Each structure stands twice: as C-alpha cells, then as structure tokens.
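Data block below; observations after.
The values are calculated or read from the model by the stated rules, or taken from the named source; none is laboratory data. All values reported here derive from a predicted model rather than from experimental measurement. Cβ atoms come from the backbone with ideal geometry, glycine included; neighbour counts cover every protein chain shown. With ligands, DNA and RNA removed, areas are computed over all heavy atoms of the protein, side chains included. Shrake-Rupley method; radii C 1.70, N 1.55, O 1.52, S 1.80 Å.
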Amino acid sequence: MGIRARQLAIAKAVMAGDAATAEELAGLIGVSVMTIYRDVSILEDCGVLRRNRGRIVAVVNGLHAVDAIFRVEQGSEEKRIIARAGASLVAPGSSVLLDDSSAGVWLFRSLDRVDTLTIVTNSGCHETKSFLVSRSGRCSKS
C-alpha cells in the first residue's frame with residue numbers, strides 16, 4: 001500500500017467512527033504506530049484529521065469537501081478510465097479547458113502523450129501546476 005492509499009485508509013477509518021487511537025489504526029492498517037503518527041501529522045496539516053486527548057478525530061465529515069489529495073484518490077480507477085477516454089479525443093495542437101475537479105487531475109495525467117497542447121485551468125492543485133510547468137517549461141497565470 002502506497003503512502004497516499006494508506007493516508008486515505010486512515011482518514012476513512014477515522015471518519016467512519018467518532019475517533020480512533022494510533023494503536024487501533026496501526027492494527028487495522030498493518031503498520032507501526034510511528035507510521036500512523038507520521039501520516040496523521042500530514043493529515044492534520046491538510047485539515048482532514050486532528051489529535052485530541054490521545055484520540056484521532058475527523059475535522060471533516062460528509063458535508064464538507066475533503067482535502068484535494070483525498071478527493072483525487074476517491075474513485076481513482078473510474079476517474080482513470082474516464083480520463084483515458086477523454087485524452088484519446090484530444091488531438092495535438094488542441095486547447096483544453098479544465099476545471100479544478102479531482103477528475104481533472106486524472107485527465108492531466110492522461111494528457112502526457114499529447115504534443116503541442118494548450119491547457120487552461122483554474123486548478124490550484126500543486127500536481128497540476130507541476131505538470132504544466134514540466135510540459136512547457138513555464139506556467140503563465142492570468
């Protein structure tokens with residue numbers, strides 16, 4: 001299990017209940033307690049979880065948008081399939097307008113095979129910005 005998948009599993013486990021201890025999460029996910037603490041620290045920085053009196057609790061619930069990292073990973077296989085289909089329709093020299101949706105990140109990942117491409121987006125996702133810069137050597141912002 002990769003880091004993102006593990007962090008998503010931690011977040012889902014905590015969100016499914018009221019709270020959990022690091023020991024409970026370590027047993028559930030099959031990693032050390034220290035790994036849980038390192039991942040929870042990252043999840044705290046993202047505003048997804050927080051530590052409170054020896055327990056790990058969710059900051060978000062179903063009514064709030066989950067941090068972008070987790071939205072990108074949710075339904076990733078379906079998003080990957082849709083993105084590949086969409087990318088196959090993009091011809092070299094095309095312009096593509098994408099919103100800041102998590103599915104848009106998967107489309108960005110699938111567009112790496114298209115040469116001479118203009119992408120316009122309102123996405124603030126770091127991965128999207130890095131992708132654009134790596135493709136063009138520059139990133140213009142208007």
- prompt: Between a first residue in the stretch 64-77 that is closer than 14 Å to GLY104 by Cβ and a second residue that is modelled with pLDDT under 60 and outside any loop (DSSP other than H, G, I, E, B), which pairs have beta carbons less than 8 Å apart while being 6 or more apart in sequence or on different chains?
  reply: VAL72/GLU127
message: Let me spell it out: the conditions are (1) at pLDDT 85 or above; (2) more than 29 Å from ARG109 (Cβ to Cβ), and GLY17 meets all of them except one. Which number is the exception?
response: (1)
Pair list, Cβ under 9 Å, 6 or more apart: the stretch 90-101 residue without any contact (Cβ under 8 Å) to a residue 40 or more places away in the chain, other residue part of a strand (DSSP E or B) and open to solvent by 50 Å² or more (accessible area, probe 1.4 Å): GLY93/THR118; SER94/THR118; SER95/THR118; SER95/VAL120; VAL96/THR118; VAL96/VAL120; LEU97/VAL120; LEU98/VAL120
message: If a residue must be open to solvent by 20 Å² or more (accessible area, probe 1.4 Å) and over 19 Å from ARG71 (Cβ atoms), how many such residues does the stretch 8-34 contain?
response: 14
message: Anything in the stretch 108-126 that is under 20 Å from ARG71 (Cβ atoms) and open to solvent by less than 30 Å² (accessible area, probe 1.4 Å)? List them, or say none.
response: PHE108, SER110, LEU111, SER123
query: Out of the residues in the stretch 54-71 that are modelled with pLDDT of 75 or more and not basic (Lys, Arg), which is farthest from LYS12 (Cα to Cα)?
result: GLY54
query: For MET1, are the conditions met, namely being assigned to a loop (DSSP other than H, G, I, E, B) and either more than 20 Å from SER76 (Cα to Cα) or open to solvent by 60 Å² or more (accessible area, probe 1.4 Å) (or both)?
result: yes
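If I ask for residues that are in a loop (DSSP other than H, G, I, E, B) and either touching a Lys or Arg at 6+ places or on another chain (Cβ under 7 Å) or touching a residue at least 24 places away in the same chain (Cβ under 8 Å) (or both), which ones from the stretch 4-29 would you list?
ASP18, THR21 - these are the residues of the stretch 4-29 that are in a loop (DSSP other than H, G, I, E, B) and either touching a Lys or Arg at 6+ places or on another chain (Cβ under 7 Å) or touching a residue at least 24 places away in the same chain (Cβ under 8 Å) (or both).
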